[in-house]
Amino acid sequence: MKILLKRIEKKDYRGTLEEYLQEGGYEALRKTLEMEPSGVIAEVKRSGLVGRGGAGFPTGLKWELTAKVPDSPKYVVCNADEGEPGTFKDRIIMERDPHLLLEGMMICGYAIGARQGYIYVRGEYTESYRRLEAAIQEARERHLLGEKIQGTDFSFDIYLYKGAGAYVCGEETALLDSLEGKRGEARLRPPYPATSGFRGKPTVVNNVETLSCIPAIILNGGEWYSKIGSEGSPGTKLYCLSGDVRNPGVYELPTDVTLEELVSEYGRGVEGGAKAALTGGISGGLLTPEQFKVTLDYKSMLKAGTGLGSGAIIMLNQRRCMVDVALRCLEFFEHESCGKCAPCREGTKRARELLQKIRRGNGDSASLELLLELQRVMYDTCICGLGQSALNVTKACIERFKGEFEEHLRGRCVVGVCGHD
Amino acid sequence: MGRQALLPCLHLIQEKLGCVTPEAATLVAKKLGLSRGEVFSVASFYGMFSREREGKFVIRVCVSLPCYLKGAREILQYLQGELGVKPGQTTPDGLFTLKETSCLGFCDGAPAVMVNDKTYGRVTVDKMKEILQQCREKA
Amino acid sequence: MTELVKLTIDGYEVEVPAGTTILEAAKKLNIKIPTLCYREGLEPYGACRVCVVEIEGRPRLEPACATPVAPGMKVKTRSARVRRARRMILELLLSNGHQDCTTCEKAEDCELRQLAYELGVREIRFEGERYNYPIDTSSPSIVFDPNRCILCGRCVRTCREVQSVEAIKLTDRGRNTRVMTFFDWGLGNVECTACGQCVLACPTGALRERNDIEEVWKALEDPDKFVVVQTAPAIRAALGEEFNLPPGTSVTGKMAAALRRLGFDRVFDTQFGADLTIVEEAHELIERIQKGGKLPMTTSCSPAWVKYFEHFFPEVLEHMSTCKSPQQMFGAVAKTYYAEKLGIKPEDMVVVSIMPCTAKKFEAKRPEMKASGVYDVDVVLTTREFARMVKEAGIDFASLPEEEFDEPLGISTGAAVIFGVTGGVMEAALRTAYEIVTGKPLEKVEFKQVRGFEGIRTASIDFNGTQVRVAVAHGLANARVLMEEVRDGRSPYHFIEVMACPGGCLGGGGQPIPTDMEIRKKRAACLYSEDERKVVRKSHENPAIKKLYEEYLGRPGSEKAHHLLHTTYTSRGRY
């Protein structure tokens, strides 16, 4: 069952407007323009689609809340700042089937009453930017974007915006600030973007993948979509496998697939034997092999003590040192913290220092306790998801691989990786 | 509209000058009706804008976990030795700037390295040698 | 009618209007939730996370300063979870500095140190890299030490929201975030007006005034120097706070006594200079009105305001009065008129001024301020520096007797006292201008229309049939509003008073910390009372001023007056 990669996996498909139209593209838009905006929202709600960027918020509800706010103009903002390590699915869509994203955005714009949409593309995705630019141009020429689309009263246009190298801008409020030409700092909530988003106006911020699911939902109906995959978070999901897995890549599967299936059937197993799977990139947590039978949907993953997040899964084999892995994750968050709130700015730095000491063999047991306490405080007090989840992997590693950490306290790396710097 | 043009302007400046200079920042501030302090504040936030002039070729080696697992460190060490600079520095001849970068979104082709606008996957030391050679020929 | 919301905080019920933050609601219950990045008068920033509280039903802790109340909300401000979070955040903030609190100039006023103590922080468990930044000493008024900075953003937000200057900003990202000027050029090299509101806003010792106390000791201990001191009006209404006296206590007499004990050869009063400023400025205004000069005319006694004007509205600098400030007029008169009377050379006289202001340090060293041939004012100390000097000298301030200023430069009127409060210069000028223009004595000397704390106040004063339209602004963001009208040629006023600091000089960058709205109001009340107690309340009736003109200056606006008491400005621009 392929919804998102359906066209991409066809040989020679290049994602031009002609090809997209040939494959049934913009049929959903045509259907949308004959519906009431509230009907479109109802269909999306019926589908049970939840955000595919990482937060897993019900998409239809988000659209409804925004549509209801008595303020204008309204905006659709596509979060294409894909930056979670291990995630590379949005790039595939933007590079290989950009019109799918555009169509999804247009439908969203129609549903919430927006006239403008922005795609915030991370600065490093130069190819995605180029392909989207070309696609937008094609769409404008064909009157699929601009004034009075296809002869209706619906006017909508999409603008591209290039990010400039900041992972935190993938956080929706930091993204909005960046889009406004400011530093990408997370905002205080309330108010939420639905009420006060871009330029203080009602805004839907949706991930690339989320918006790309919309055309199929409109064409086949929300009920059809709701029956695919897991009940809590239905549909198909683009899972990104990387790390020590034999066959890394993007795999579109229904959300009731298990991690075991994904890794062994599609990933062809882990070279060197699986030790752990980091889920949600480096922001979710981890699963050990006895847990691999978990279903890869948002609720089940939470129950298993981790998070699905962006759907990125980084596999680690038996030769990996969990202290080392945790340290690499901390270095990332320390570098990417926006710096606004004290617990994140200082906490990521101090956590990295503590873990560095432990990795070198200079730590003490108090450091482990301190790290766990820091994780709790950061979860409790940081403004945004970056700080709140920065120490998730560290906590999981300490708790689930305690032995390795304790050996490090005694100056020994169990797998023999550390100590060569 | 003025303020929203800031990042696009900074991208242009970085592209043309290799860095954001005080003069360029002041010009942007004037044009957009912003204080120059604000322009500096915004520019300094983002990793793709620099205050020091970058080389003709900016080499960004991804050091996030998936690439780290697949040998990013070796690539980095090779480049440090070959170019004689540390991450963040530019070669004296102004050709190469070496940088560590966060996940480039090419994890299934780890380790990934970005040179100016192009991202290479499955980079090995040999492949890196080739890329450097191509750059030198282009210069 | 705003609806009321009932909620429970720490088990106690409270009812507040909708939109109130948890922080404000708690205050009604006399619960003081600790804060660091929150500051009265600024938009909530929610970055320090020290004010976090536990709200039933919410998964994480929320910042009280930025979270509005909701009906039935149940808040806990001191659960174990909250206390642990607060302590850890403080530990994290403290771990960056060099923990050299014992030798820090702002030790007494440091909110960080106080919070750490109150919240029970007795160890700092994080031992890692510490800040090692260079200290910015490029400004003659303000020193910035990034090693003490906790990135609360209060200075940056004040500079933008209250002053609309934007000289300092948050730069870089994450662990490298710093408060910085444009390309780190330094406060002395950018549009910083030296107003010092950032110093008042800073909860730690990161931003402080430049310490010039040693220079004063040196002068006092130099047998060859004749050292004269002048004190601004705003000092006497606030100095007592540095000695644990309640805000608004008038300490004029004790201040004079303390200065005498420190060893100054003459204890004079900037208020004399203020009266002189009024006489000159009133005449200048009247001349401009009658002879078609540039209107509106603005006051020029606030040096941060003058620098602001020079940076942001240089194209219309002709609108500023050419009068020097009271501090500078005093200095010029002291080193010429008075020095001659004593038979002293200007270079052997040292003029020290005690100011509520940080920008006065900059003003004193402006190249134009050398009417006597040397710097007319040699050293400026802020109220805070002065207090520290008194403490170092071992003088028990609160027990001092009431003493008088020396004559003649210590004689002043009620009009001069109110220079320290927003609207005061305007009122003082009106008292004199009215009598000159109408030829009639004022029955009531108060001009209450120009008093108050609203950011911009306007009035139309009837001068015997002629309407004189005036405006008063305090805080530079408010001044900007009036100046944009001037720049665009649509200002309806004849005369505009601007004071760079909220509240006027009584809220100046050199005043005791804390300075908040309540304290500003008390200091203002003190000054207005002192004006009422004075017998002579109009500047032109100051006998010492009258004698100065008779003996030395001739008449207001004379050539000598111009040479000594008027100045020129520099077009600086903001780019």
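The values are calculated or read from the model by the stated rules, or taken from the named source; none is laboratory data. Quantities reported herein were computed from a predicted structural model and do not represent experimental measurements. Methodologically, a virtual Cβ is constructed for each residue, glycine included, from the backbone with ideal geometry; neighbour enumeration extends over all protein chains shown. We work out accessible area using only protein heavy atoms, side chains counted, and drop any ligands, DNA or RNA first. Shrake-Rupley method; radii C 1.70, N 1.55, O 1.52, S 1.80 Å.
With r as the distance between the Cβ atoms of B:Gln89 and C:Glu161 and R0 = 51 Å, compute the FRET efficiency 1/(1 + (r/R0)^6) and round to 0.05.
On the way: r = 39 Å, r/R0 = 0.76.
About 0.85, to the nearest 0.05.
Normalising by the residue count of region A:265-421, find the relative contact order in percent from Cα pairs under 8 Å and 6+ residues apart. Don't skip to the end; give the middle numbers.
Values: 244 pairs, mean separation 39.6, N = 157.
Relative contact order here is 25 percent.
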*Out of region C:49-142, which chymotrypsin sites (Phe, Trp or Tyr not before Pro) are coil in DSSP terms and have no more than 16 other C-beta atoms within 10 Å?*
C:Tyr131
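Output the Kirkwood hydrodynamic radius of chain C, Cα pairs only, in Å rounded to one decimal.
Computed over Cα pairs of chain C, the Kirkwood hydrodynamic radius comes out at 24.9 Å.
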*Residues of region C:15-53 with amide N under 16 Å of a point placed 7 Å along Cα→Cβ from C:Met517*: C:17, C:19-28, C:38-44
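For C:Gln114 and C:Arg83, calculate 0.36 nm times their separation in residues minus their Cα-Cα distance, and state this gained length in nm to one decimal. Don't skip to the answer; put the middle values down first.
Numbers: separation 31, 0.36 × 31 = 11.16 nm, distance 1.56 nm.
This chain segment gains 9.6 nm when fully extended.
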*What are the residues whose amide H is under 5 Å from the amide H of C:Val5, where those residues sit 5 or more places off or on another chain and H is modelled from the backbone?*
C:Val16, C:Ala18
_Rounded tilt (10° steps) of A:59-68 against the dominant C-alpha axis of chain A_ = 60 degrees
*Shielding of B:29-41 by partners, i.e. mean partner chain Cβ atoms within 10 Å per residue?*
6
_Residue-averaged [θ]222 nm for the protein assembly as shown, counting only DSSP H segments that reach four residues, each worth -39500 (n - 2.57)_ = -11000 deg cm²/dmol
*Based on the alpha-carbon gyration tensor of the protein assembly as shown, what equivalent-ellipsoid semi-axes (square roots of 5 times the eigenvalues) come out, in whole Å, largest first?*
62, 32, 28
*Mind telling me which of A:Ser178, A:Ser389, A:Ser365 comes out most flexible in a GNM of chain A, alpha-carbon contacts under 10 Å?*
A:Ser365
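Could you check what % of the DSSP bridge pairs in the protein assembly as shown are antiparallel, to the nearest 5? Before the final figure, lay out each step's value.
Values: 53 of 103 bridges.
Within the protein assembly as shown, antiparallel bridges account for around 50 percent of the total.
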*May I ask you to find the residues of region B:4-25 that are shielded by at least 40 Å² of accessible area once the whole protein assembly is considered instead of their isolated chain (probe 1.4 Å)?*
B:Gln4, B:Leu7, B:His11, B:Pro22
_Of the chymotrypsin sites (Phe, Trp or Tyr not before Pro) in region B:1-89, those whose Cβ has at most 12 other Cβ within 10 Å and which sit in DSSP loop_ = none
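With solvent modelled as a 1.4 Å probe, how much accessible area in total do chains C and A shield from it at their shared surface, in Å² to the nearest 100? Don't jump to the answer; show the numbers that get you there.
On the way: alone 23740 and 17360 Å², together 38020 Å².
Protein heavy atoms only, the C-A interface buries about 3100 Å².
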*In nm, to one decimal, how far is the modelled label at C:Ala70 from the one at C:Ala398, with both set 7 Å along Cα→Cβ?*
4.8 nm
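As a test of reading the structure, rank A:Arg46, A:Arg142 by solvent-accessible area (1.4 Å probe, protein chains only), most first.
Numbers: A:Arg46 125, A:Arg142 100 Å².
The ranking, largest first, comes out as A:Arg46, A:Arg142.
May I ask you to derive the relative contact order of chain B, considering only C-alpha pairs under 8 Å and at least 6 residues apart, and to give it as an integer percent? Intermediate values should be presented prior to the final figure.
Numbers: 202 pairs, mean separation 29.0, N = 139.
Here the relative contact order equals 21 percent.
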*asked:* Taking the Cα of A:Thr258, stepping 7 Å toward and past its beta carbon, and measuring to each backbone N in region A:289-307: which are under 12 Å?
replied: A:290-296
*Kindly provide log₁₀ I(q)/I(0) values, in the same order as q = 0.15, 0.20, 0.27 Å⁻¹, from the Debye equation applied to equal alpha-carbon scatterers of region B:57-138.*
-0.44, -0.80, -1.47
*Protein chains only, probe 1.4 Å: how do A:Thr59, C:Thr458 rank by accessible area, largest first?*
C:Thr458, A:Thr59
_Assuming a strict under-25 Å limit between Cα atoms, what lysine pair count do you get for region A:297-410 once near-sequence pairs (fewer than 8 apart, same chain) are dropped?_
10
*Could you point to the residue in C:Thr67, C:Asn96, C:Pro233 farthest towards the positive end of chain C's charge dipole, with +1 and -1 charges on the Cβ of Lys/Arg and Asp/Glu respectively?*
C:Thr67
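Looking only at GluC sites (Glu not before Pro) in DSSP loops with at most 10 other Cβ atoms within 10 Å, what is the longest site-free stretch of chain C? Write down the numbers at each step before the final one.
Working: sites that count: C:Glu3, C:Glu40, C:Glu56, C:Glu123, C:Glu443.
It works out to C:124-442.
Take the Cβ-Cβ distance between A:Glu34 and C:Ala18 as r, set R0 to 56 Å, and report the resulting FRET efficiency rounded to the nearest 0.05.
Values: r = 42 Å, r/R0 = 0.76.
Taking R0 as 56 Å, the efficiency between A:Glu34 and C:Ala18 is 0.85.
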*In nm, give the distance between the simple-model label positions of C:Ala544 and B:Leu17, each being 7 Å from the Cα along the Cα-to-Cβ direction.*
5.4 nm
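With both bridge residues required to lie in chain A, what share of the DSSP beta bridges run antiparallel, to the nearest 5%? Mind showing how you got there, number by number?
Numbers: 19 of 41 bridges.
So the antiparallel bridges in chain A amount to around 45 percent.
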*Expressed as an acute angle from 0 to 90° and rounded to the nearest 10, what is the orientation of the C-alpha long axis of helix C:517-533 relative to the principal long axis of chain C?*
30 degrees
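Report, in debye and to the nearest 20, how large the dipole of the protein assembly as shown comes out about its Cα centre when Lys and Arg carry +1 and Asp and Glu carry -1 on their Cβ. Mind showing how you got there, number by number?
Details: 153 positive and 152 negative charges, 292 e Å.
So the dipole magnitude of the protein assembly as shown works out to roughly 1400 debye.
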*Of C:Arg210, C:Arg533, which has the most accessible area and how do the rest follow, probe 1.4 Å?*
C:Arg533, C:Arg210
*Between beta-carbons, use under 14 Å as the cut-off and find the net charge around A:Thr394, counting Lys and Arg +1, Asp and Glu -1.*
+2
*Before anything else, pin down the relative contact order of region B:57-138: Cα pairs under 8 Å, at least 6 apart, normalised by residue count, whole percent.*
36 percent
_Partner lysines for C:Lys538 [C-alpha distance under 22 Å; skip if fewer than 8 residues away on the same chain]_ = C:Lys324, C:Lys440, C:Lys444, C:Lys448, C:Lys546, C:Lys547
*Helix B:72-83 sits at what angle to the longest principal axis of chain B, using alpha carbons and giving 0 to 90 degrees rounded to 10?*
80 degrees
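Is region C:183-222 rounded, prolate or oblate when judged by the Cα gyration tensor, a ≥ b ≥ c being the square roots of its eigenvalues, rounded requiring a/c under 1.5 and prolate requiring a/b larger than b/c?
Values: a/c = 2.93, a/b = 1.81, b/c = 1.62.
Note, shape of region C:183-222 comes out prolate.
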*Phi to ³J(HN,Hα) by Karplus 6.51 cos²θ - 1.76 cosθ + 1.60 over region B:87-95, Hz, x for Gly, Pro*: x, x, 9, 10, 5, x, 7, x, 7
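To the nearest 100 Å², how much accessible surface do chains A and B hide from each other in total, with a 1.4 Å probe?
Numbers: alone 17360 and 8480 Å², together 22610 Å².
Counting protein atoms only, the buried area is about 3200 Å².
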_Of C:Gly508, C:Ala525, C:His540, which is farthest towards the positive pole of region C:500-575's charge dipole, taken about the Cα centre with +1 and -1 on the beta-carbons of Lys, Arg and Asp, Glu respectively?_
C:Gly508
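Give, in whole angstrom and from largest to smallest, the semi-axes √(5λ) of the equivalent ellipsoid of region A:1-142, with λ running over the eigenvalues of the Cα gyration tensor. Numbers along the way, then the final one.
Working: eigenvalues 114, 67, 48 Å².
Those come to 24, 18, 16 Å.
How would you classify chain A from its alpha-carbon gyration tensor, with a ≥ b ≥ c the square roots of the eigenvalues: rounded for a/c under 1.5, else prolate if a/b is greater than b/c, otherwise oblate?
Numbers: a/c = 2.17, a/b = 1.66, b/c = 1.31.
It comes out prolate by the Cα gyration axes.
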*Roughly what % of Cα-Cα distances in chain B sit above 18 Å, to the whole percent?*
57 percent
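How much of the accessible area of region C:289-419, probe 1.4 Å, is carbon plus sulfur, in whole percent? The partial results should precede the final answer.
Values: 1980 of 3920 Å².
Of the solvent-accessible surface of region C:289-419, carbon and sulfur hold 51 percent.
In Å², and per residue, what accessible area does region C:1-92 have when probed at 1.4 Å with the other protein chains present?
For region C:1-92, the solvent-accessible area averages 47 Å² per residue.
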*Looking at region C:301-348, which trypsin sites (Lys or Arg not before Pro) are in a loop (DSSP not H, G, I, E or B) and have at most 13 other Cβ atoms within 10 Å?*
none
